[in-house]
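Notes to accompany the following structure.
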Amino acid sequence: MSWTDWKWQLQNRITDLDGLSAKIHVTEEEKRSFPKTNEFFQFAVTPYYLSLVDSKDHHCPIRKQIVPTESELEHSSNEWEDPLAEESHMPVKGITHRYPDRAIWYLSHVCAVYCRFCTRKRKVSEPFETPNKKEWEEAFAYFEAQTNLREIILSGGDPLTLSDEVLNSILGRLKAIPHINQVRIHTRHPVTLPMRITDSLCEVFARNFPLYLVTHFNHPKEITETSAEAIRKLVTRGHVSVLNQSVLLRGINDRTETLSELNYKLIKIGVKPYYLHQCDEVFGSSHFVVPIEEGIQIHKTLRGFHSGITIPQYVKDLTGGGGKVLLVPNAYEKTADGKYRFKNFKGKEYDVSH
Ligand SMILES: *Cc1c(COP(=O)(O)O)cnc(C)c1O
Ligand code: SF4
């Protein structure tokens, strides 16, 4: 059946205003801003993920993640195209090597769904940004030469847009490098395109055991029978360890009750909550931001009342490329101009707006 076929879901993605209006009620404001936002960051959603939207509810947490709004066009002075300075930490095209022992490798610039708060708006959905075979060979050569690297993180875009054969070959080659201790995959497909988790993909994963997969659920509504089944397969057939990272998003999951329900449901389907991210200072995202103090308060209310295994670490990826810091009370100083001053893992100071 086509609905359960991941290629059908990708080929039948809804990518324009007419397609979207045919499925859900789009407001006049959304209609006006659609062509303008599309210039900066493409719109696309799988029929599966769109079916999770409550078409009558304008505050639906799924809808808010995918439907562009006028607020995206507001670009304030503290927002950046590349907030984490990923491009400047690139020794080879497609690799960000910020921490000594691990590197991120962007294997694809295609995602099943484009999330409106995405940090990598500058490159996802841009097909000409996709690395080619020659660049892949350069990446392998770099991983082999850098003997301090212990972990490679496959990311994108979504690396699971690649075929099973290509993934098998990449995983096998990485695992054959003696100093590589572990391989991790960052993918939102269990949430936005769960049909991608096929038996044959799980065979590839099992063959390359052990693998760590970090997915990206933001709201309990995303935990459906289909996504739970994808996780069950990953764990029982693929023998994969599955973790989750969420982004703290205004109006989507910024309440203790929502986060608690999400985290308990994740544990129930076999996923360990890993990170809760502060929303990055990427252009057009200020309407999603929860201030750091408020985020710390929300996160603090989880502790004690909820099982420790359900609680992710609340982190901020420092604007300017300092890396991640834990967001806990007293983790920062407030500067005279109202910024937050953090020290990164190397002791270097970074001032950030949120
Ligand atoms: C987040 C990130 C990682 C992974 O960090 P962990 O804390 O190990 O999950 C690695 N490299 C870069 C550039 C990152 O932004
Ligand atoms: S799946 Fe990840 S990389 Fe792709 S648009 Fe969403 S947040 Fe960005």
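The set of residues in the range 317-331 that are among the polar types (S, T, N, Q) and without any contact (Cβ under 8 Å) to a residue 60 or more places away in the chain contains only N330. When restricted to residues that are away from ligand 2 (no atom under 16 Å from the Cβ) and surrounded by fewer than 21 Cβ atoms within 10 Å (Cβ to Cβ), the range 99-142 contains 15. Note on the range 272-325: residues that are small (G, A, S), more than 12 Å from ligand 1 (Cβ to nearest atom) and out of contact with any strand residue (DSSP E or B) (no Cβ under 6 Å at 6 or more places or on another chain) total 7. Screening the range 284-299 for residues that are at pLDDT below 95 and buried (at least 20 other Cβ atoms within 10 Å of the Cβ) and picking the one that is farthest from S353 (Cα to Cα) gives G284.
Whether a residue is touching a Gly at 6+ places or on another chain (Cβ under 8 Å), basic (K, R) and over 15 Å from Q278 (Cα atoms) was assessed, and K348 passes this test.
Given the criterion under 14 Å from Y106 (Cα atoms), away from ligand 1 (no atom under 16 Å from the Cβ) and of a type in the set (G, A, S), identify the matching residue among S125, S227, S155.
That would be S125, the only listed residue that is under 14 Å from Y106 (Cα atoms), away from ligand 1 (no atom under 16 Å from the Cβ) and of a type in the set (G, A, S).
Taken over the range 310-327, the criterion of being in a loop (DSSP other than H, G, I, E, B) and either within 16 Å of ligand 2 (Cβ to nearest atom) or within 18 Å of V247 (Cβ to Cβ) (or both) is satisfied by I311, P312, T319, L327. With respect to L50, determine if the residue is more than 22 Å from L248 (Cβ to Cβ), more than 15 Å from ligand 2 (Cβ to nearest atom) and touching a strand residue (DSSP E or B) at 6+ places or on another chain (Cβ under 8 Å). So L50 does not fit the description; no.
Count of the range 77-96 residues, restricted to those that are small (G, A, S), within 12 Å of ligand 1 (Cβ to nearest atom) and under 18 Å from the mean Cα position of the chain (by Cα), is 1.
Considering each residue of the range 173-190 in turn, at least one proves to be touching a residue at least 24 places away in the same chain (Cβ under 8 Å), in a helix (DSSP H, G or I) and within 12 Å of ligand 2 (Cβ to nearest atom). When residues in the range 173-205 are screened for being surrounded by fewer than 19 Cβ atoms within 10 Å (Cβ to Cβ) and within 24 Å of Q9 (Cβ to Cβ), 4 of them pass.
For the list (1) closer than 30 Å to D57 by Cβ; (2) in contact with a Cys (Cβ under 7 Å, 6 or more places away or on another chain), I need the number of the one condition that L234 fails. Of (1) closer than 30 Å to D57 by Cβ; (2) in contact with a Cys (Cβ under 7 Å, 6 or more places away or on another chain), only one is false for L234: (1). Out of all the residues in the range 1-42, which are under 15 Å from S55 (Cα atoms) and among the hydroxyl-bearing types (S, T, Y)? Once the filter is applied, which keeps residues that are under 15 Å from S55 (Cα atoms) and among the hydroxyl-bearing types (S, T, Y), the range 1-42 yields S21, T27.
Could you list all residues from the range 38-76 that are assigned to a helix (DSSP H, G or I), in contact (Cβ under 8 Å) with a residue 60 or more places away in the chain and surrounded by 15 or more Cβ atoms within 10 Å (Cβ to Cβ)?
Narrowing the range 38-76 to residues assigned to a helix (DSSP H, G or I): 38-40, 47-50, 61-66, 70-73.
Okay, now just the ones that are also in contact (Cβ under 8 Å) with a residue 60 or more places away in the chain, so 40, 48-49, 61-62, 64-65, 71-73.
F40, Y48, Y49, P61, I62, K64, Q65, S71, E72, listed by residue number.
For the range 97-112, a tally of residues being part of a loop (DSSP other than H, G, I, E, B) and near ligand 1 (Cβ under 10 Å from one of its atoms) returns 1.
The set of residues in the range 143-172 being over 22 Å from D101 (Cα atoms), within 13 Å of ligand 2 (Cβ to nearest atom) and part of a loop (DSSP other than H, G, I, E, B) consists of G157, D158. For the range 72-80, the condition holds for no residue, the condition being that it is closer than 21 Å to L160 by Cβ and out of contact with any Cys (no Cβ under 6 Å at 6 or more places or on another chain).
The values are calculated or read from the model by the stated rules, or taken from the named source; none is laboratory data. All of these numbers come straight from a predicted model, not from anything done at the bench. Cβ sites come from the backbone with ideal geometry, for glycine too, and all protein chains shown count toward neighbours.
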